[in-house]
Amino acid sequence: MASPLQSYVEGYRSLPAAPVWLKPLQEAALERAQTRGFPGARDEAWKYTSVALLEKRDFKPSFAPACLDTGSLNALLIPGLEASRAVFVNGRYDPAFSRLPEGVKLVSLASADAGIKDSLALSSDWEHDTFVNLNTALFRDGLLLELAPGQALERPLELLHVSLPEDGATAHNLRFVIRLGAGARASVIERYTHQGDGKHFNNVVTQVSLAEKAKLSHVRLQTESNQAFHVGRVLVRQAAGSEYRSHNLHVGGAWTRLDLHTRLEAEGSSALLDGLYAVTGRQHVDNHTRVDHLVPHTTSKELYRGILDDQGRAVFNGKVVVAPRALKTDAEQANHNLLLSRGAEIDTKPELEIYADDVRCSHGATIGQLDEQQLFYLRSRGLDEVAARRLLISAFAEKLLAELPHPALATYVRQLLGASISAIKSEGIP
């Protein structure tokens, strides 16, 4: 029987040759992926998300040229968002449509030299992660953003990946590296969208390194086609006084898994993690987050909300780890879910691992339906049942949408969510 990774191994051989300095790193990663294989049902981190559907699709890595015309790109842009932009089409950087900021170090990984090798290094926590190893072995493009100490991006930088239909089921691997020097500030919007309904699998790793007092606002918006599979890894390291603000938004794709891991490695560092997911049909979305408080006087606050309809399924696993010497840690975590049909399902597991005294930590999860009294109140004020339900659903999501860093982006996501809500059944859970 062929290995589930056979198509990826064959794809590796057919991809353009990696630079000489990178090839040993990629060969070693591919070997680790083959040894480990895809995670199975006995892997606790994958208990509620089966990779069987991914294995059946037999995705093969592709790096073939793709053509995106100006009209198609303009239709995909966020109206009113004034941003610099790096555009990727089917896993390849497209300089013709990119508008990069001036005065900062931005390097396409397809043309990078051995000087960035250290930037690609990962902690031992991810050494045996098959998807990370596949990404390391198979990526042929991506972007390095590096800001000097005190430097700031005047406008947000959008990393826009567009998936176009290709022959067969194709896989694209991208690597993004974001490094901010001491006191640097940036806003990055990492966005995944599509044209057409091709079958594709995006496997992406984003590495973030924040030096002392650096600040990063990081939006991750996934709006891919209903045949798309998506695995993302966001790996963050934070120095003293740094601030990482994350907004993870999932309103597309057939099968999605995102792991976000941030390490608070010096005093005064803070992480604020927001997430919103809306699933319907037979969509599946899985969010795994981990915050490591490794030293005293660090802060994390996390709020994820989910809207589930039809046969949609979601998984949330949020872990906060407080190391033995991490005194005065302040950590909050909450996951709230709104079920709109009998067939929808959420598996939620907030976790705390505390090995220190004198800390303040809380966590919790809720699962519920629309409030009948609130529906009655809105209907008594003249709204029909469908409008009343949509208003309450929108209000449930608004707390997170209001926190988005750019008004044009918030308006765009509200429209996406509104289109999804419009398709929701009006009768609710029988």
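The values are calculated or read from the model by the stated rules, or taken from the named source; none is laboratory data. These figures come from a predicted structure and were not determined experimentally. Cβ atoms come from the backbone with ideal geometry, glycine included; neighbour counts cover every protein chain shown. Ligands, DNA and RNA are stripped out before the accessible areas are found, and what is left, the full protein with its side chains, is counted by its heavy atoms. Shrake-Rupley method; radii C 1.70, N 1.55, O 1.52, S 1.80 Å.
A quick yes/no check of all residues on (1) surrounded by 23 or more Cβ atoms within 10 Å (Cβ to Cβ); (2) more than 22 Å from Ser242 (Cα to Cα); (3) in contact (Cβ under 8 Å) with a residue 60 or more places away in the chain; (4) out of contact with any Asp or Glu (no Cβ under 7 Å at 6 or more places or on another chain):
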{"position": "Pro156", "(1), (2), (3), (4)": "no, no, yes, yes"}
{"position": "Leu160", "(1), (2), (3), (4)": "yes, yes, yes, yes"}
{"position": "Leu164", "(1), (2), (3), (4)": "no, yes, yes, yes"}
{"position": "Asn173", "(1), (2), (3), (4)": "yes, yes, yes, yes"}
{"position": "Arg179", "(1), (2), (3), (4)": "no, no, yes, no"}
{"position": "Ala182", "(1), (2), (3), (4)": "no, no, no, no"}
{"position": "Gln207", "(1), (2), (3), (4)": "no, no, yes, yes"}
{"position": "Arg220", "(1), (2), (3), (4)": "no, no, no, no"}
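With the checklist (1) open to solvent by 50 Å² or more (accessible area, probe 1.4 Å); (2) in a strand (DSSP E or B); (3) within 24 Å of Ala182 (Cα to Cα); (4) of a type outside the set (Asp, Glu) in hand, flag the one item Thr262 doesn't pass.
All conditions pass for Thr262, except number (1).
Give the residue that is farthest from Leu260 (Cα to Cα), with candidates limited to residues of the range 295-319 that are β-branched (Val, Ile, Thr) and surrounded by fewer than 24 Cβ atoms within 10 Å (Cβ to Cβ).
So the residue we want is Val295.
Determine which single condition Leu370 fails, assuming it passes every other condition in (1) under 22 Å from the mean Cα position of the chain (by Cα); (2) open to solvent by less than 30 Å² (accessible area, probe 1.4 Å).
Status for Leu370: all satisfied but (1).
Mind checking which residues of the range 139-154 are under 21 Å from the mean Cα position of the chain (by Cα) and either open to solvent by 10 Å² or more (accessible area, probe 1.4 Å) or closer than 18 Å to Ser209 by Cα (or both)? Steps first, answer last, please.
Residues of the range 139-154 that are under 21 Å from the mean Cα position of the chain (by Cα), as a first pass: 139-146.
Once the filter is applied, which keeps residues that are under 21 Å from the mean Cα position of the chain (by Cα) and either open to solvent by 10 Å² or more (accessible area, probe 1.4 Å) or closer than 18 Å to Ser209 by Cα (or both), the range 139-154 yields Arg140, Gly142, Leu143, Leu144, Leu145, Glu146.
Results for (1) loosely packed, with under 13 Cβ neighbours inside 10 Å; (2) part of a loop (DSSP other than H, G, I, E, B); (3) touching a Cys at 6+ places or on another chain (Cβ under 7 Å), shown as yes or no for each residue.
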site: Leu338; (1), (2), (3): no, no, no
site: Pro350; (1), (2), (3): no, no, no
site: Leu383; (1), (2), (3): no, yes, no
site: Leu391; (1), (2), (3): no, no, no
site: Ala419; (1), (2), (3): yes, no, no
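Would you confirm whether any residue within the range 350-371 is over 19 Å from Pro324 (Cα atoms), free of Cβ contacts under 8 Å to residues at least 40 places away in the same chain, out of contact with any helix residue (DSSP H, G or I) (no Cβ under 9 Å at 6 or more places or on another chain) and of a type in the set (Asp, Glu)?
no
Take the residues in the range 393-405 that are among the small types (Gly, Ala, Ser) and surrounded by fewer than 18 Cβ atoms within 10 Å (Cβ to Cβ); name whichever of them is nearest to the chain's Cα centre (by Cα).
Residues of the range 393-405 that are among the small types (Gly, Ala, Ser), as a first pass: 394-395, 397, 402.
If we keep only those that are surrounded by fewer than 18 Cβ atoms within 10 Å (Cβ to Cβ) too, we end up with 394-395, 402.
Numbers: Ser394: 22, Ala395: 23, Ala402: 19 Å.
Filtering the range 393-405 for residues that are among the small types (Gly, Ala, Ser) and surrounded by fewer than 18 Cβ atoms within 10 Å (Cβ to Cβ), the one nearest to the chain's Cα centre (by Cα) comes out as Ala402.
When you go through (1) out of contact with any Leu (no Cβ under 9 Å at 6 or more places or on another chain); (2) more than 17 Å from Ala397 (Cα to Cα); (3) crowded, with 21+ Cβ neighbours inside 10 Å one by one for Asp292, which number turns out not to apply?
Here Asp292 clears every test but (1).
Any idea which of (1) in contact with a helix residue (DSSP H, G or I) (Cβ under 9 Å, 6 or more places away or on another chain); (2) surrounded by fewer than 19 Cβ atoms within 10 Å (Cβ to Cβ); (3) under 20 Å from Ala169 (Cα atoms) is the one Gln6 doesn't satisfy?
(1)
List pairs: first in the range 40-53 and more than 9 Å from Asn317 (Cβ to Cβ) and modelled with pLDDT under 90, second of a type in the set (Ser, Thr, Tyr) and open to solvent by 50 Å² or more (accessible area, probe 1.4 Å), Cβ under 9 Å, 6+ apart or cross-chain?
Gly40/Ser50; Ala41/Ser50
Is the range 75-85 home to any residue that is at pLDDT 95 or above, of a type in the set (Ser, Thr, Tyr) and in a strand (DSSP E or B)?
Taking every residue of the range 75-85 in turn, at least one turns out to be at pLDDT 95 or above, of a type in the set (Ser, Thr, Tyr) and in a strand (DSSP E or B).
Confirm whether Leu375 is surrounded by 14 or more Cβ atoms within 10 Å (Cβ to Cβ), hydrophobic (A, V, I, L, M, F, W, C) and at pLDDT below 95. Walk me through how you get there before you give the answer.
Numbers: surrounded by 14 or more Cβ atoms within 10 Å (Cβ to Cβ): yes; hydrophobic (A, V, I, L, M, F, W, C): yes; at pLDDT below 95: yes.
Against the criterion (surrounded by 14 or more Cβ atoms within 10 Å (Cβ to Cβ), hydrophobic (A, V, I, L, M, F, W, C) and at pLDDT below 95), Leu375 qualifies.
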